[in-house]
Amino acid sequence: MSYTSVSGRASLGAARMRDVEWPTLALLIAVYALWAAATTWGAGLWLPLGIMLTTVAIAQHSSLTHEVLHGHPFGSQRTNEATVWPCLGLFVPYARFRDTHLAHHRDALLTDPYDDPESNYLDPVVWARLPGAGRAVLRFNNTLLGRMTIGPAIGIIAFWRGDWRAIRAGDAAIRRNWLWQIAAIAPVLVWVWMSPMPLWAYGIAAYCAMSLLKIRTFLEHRAHDRASGRTVVIEDRGPLALLFLNNNYHLVHHMHPRAAWYRLPELYAQDKARYQRRNEGYVYTSYAQVFRRYFLRAKDTVAHPLWPRP
């Protein structure tokens with residue numbers, strides 16, 4: 001073998017090493033370590049401690065799953081998806097989250113009651129037909145307290161019901177995604193069954209993880225006549241920002257969906273005024289401000305205020 005070919009391969013290997021996003025990879029390793037310790041040592045020491053630590057690990061894993069579907073931390077998407085293959089959160093198959101989230105990134109359709117898979121708005125006609133009890137539940141769900149308590153259940157039920165209807169209508173891709181989900185949650189459940197943590201306690205942790213994630217999604221998008229004005233920036237650099245991998249800079253993420261999580265605050269700081277002009281001042285200074293303003297007060301109406309659009 002020639003020196004040139006050896007040095008060429010070495011250079012290629014070094015380039016691939018540089019292409020790896022080491023902060024993301026390190027965080028993935030740390031999250032699996034925390035999850036393993038929480039379900040074993042934490043649960044064995046004191047079950048509430050185990051549940052709390054497991055909740056954090058699952059929520060962080062979900063945020064990393066979001067990074068993966070946007071092409072991180074490796075150059076190979078198959079390798080990326082292998083890193084989050086165990087479904088720690090139990091409730092949603094990775095492939096379904098990937099497909100619906102990428103559909104959500106069509107900014108022209110943000111908040112659309114029908115075509116944005118992550119919209120919490122309803123068509124005013126649908127809203128008017130709901131019984132009074134149903135409207136009361138959804139109004140409460142539009143407060144931050146409601147979104148954190150009943151929001152995960154509402155989201156899970158709506159998602160499962162929609163997928164079940166699609167499967168019954170013959171959607172083979174969605175059926176296949178759910179069959180793969182069995183393989184993704186099986187090792188998680190086996191691990192928990194063999195650990196000191198009861199399965200019911202793990203279910204509580206998985207639900208609480210979704211509750212934490214609802215804090216992030218609560219204000220991500222608003223009804224606005226311009227697509228660019230629909231996406232929020234929350235200028236927070238605290239523990240929740242780390243848990244959400246800086247997705248609180250959500251406008252920046254939508255404008256640069258391939259940018260790694262640790263670059264988003266820097267991108268925002270480089271041209272803060274431009275981002276704020278773009279979303280027309282849809283900005284909060286911190287999650288503390290969000291809690292003060294909306295913990296017991298609805299952020300907006302359930303019926304889309306600008307629907308139907310011209």
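The values are calculated or read from the model by the stated rules, or taken from the named source; none is laboratory data. None of these values were measured; they are calculated from a predicted model. Because the Cβ atoms are built from the backbone with ideal geometry, glycine has one as well, and the counts that use them run over all protein chains shown. For the accessible areas, the whole protein counts, side chains as well, though only heavy atoms, and no ligand, DNA or RNA atoms are used. Shrake-Rupley method; radii C 1.70, N 1.55, O 1.52, S 1.80 Å.
What the table shows:
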{"read-out": "Accessible area of the chain belonging to carbon and sulfur atoms, whole % at 1.4 Å probe", "value": "65 percent"}
{"read-out": "Point-to-point label distance, V125-L189, nm (Cα→Cβ direction, 7 Å offset)", "value": "4.1 nm"}
{"read-out": "Inter-label distance for W46 and W164, nm, one decimal - labels placed 7 Å from Cα along Cα-to-Cβ", "value": "3.9 nm"}
{"read-out": "Where only C-alpha atoms are counted, convex hull volume of the stretch 223-263 per residue in Å³", "value": "66 Å³"}
{"read-out": "Whole-number accessible area per residue in Å² for the stretch 18-171, which is evaluated in the context of all protein chains at 1.4 Å", "value": "47 Å²"}
{"read-out": "Mean separation of Cα contacts under 8 Å, 6 or more apart, over the residue count of the stretch 59-203: relative contact order %", "value": "22 percent"}
{"read-out": "Distant-in-sequence amide H partners of I234 (H built 1.01 Å from N, under 5 Å)", "value": "Y249, H250, Y284"}
{"read-out": "Pair-distance profile P(r), taking every C-alpha pair of the chain, with 10 angstrom steps and integer %", "value": "6, 23, 33, 25, 10, 3, 1, 0"}
{"read-out": "Ellipticity estimate at 222 nm from DSSP helix runs (n ≥ 4, -39,500 (n - 2.57)) divided over the chain, nearest 500", "value": "-19000 deg cm²/dmol"}
{"read-out": "In Hz, Karplus ³J(HN,Hα) per residue of the stretch 274-281 (6.51, -1.76, 1.60; θ = phi - 60°; x = Gly, Pro)", "value": "5, 5, 6, 5, 5, 9, 6, x"}
{"read-out": "Estimated distance in nm for a label pair at I157 and R226, the labels positioned 7 Å out from Cα along Cα-to-Cβ", "value": "3.9 nm"}
{"read-out": "The stretch 24-128: chymotrypsin sites (Phe, Trp or Tyr not before Pro) in DSSP coil with no more than 13 other Cβ atoms inside 10 Å", "value": "W46, Y114"}
{"read-out": "Value of relative contact order over the chain, rounded to a whole percent, pairs C-alpha under 8 Å and six or more apart", "value": "23 percent"}
{"read-out": "Relative contact order for the stretch 18-131, counting Cα pairs under 8 Å that sit 6 or more residues apart, in percent", "value": "17 percent"}
{"read-out": "Of the DSSP H helices in the chain, those whose Cα atoms cover at least 20 Å axially and whose Kyte score averages 1.6 or more", "value": "22-37"}
{"read-out": "q = 0.12, 0.22, 0.26 Å⁻¹, the stretch 83-134: log10 I(q)/I(0) [Debye, one scatterer per Cα]", "value": "-0.41, -0.85, -0.94"}
{"read-out": "Cβ crowding within 10 Å averaged over residues, with 171-183, 275-287 ranked highest first", "value": "275-287, 171-183"}
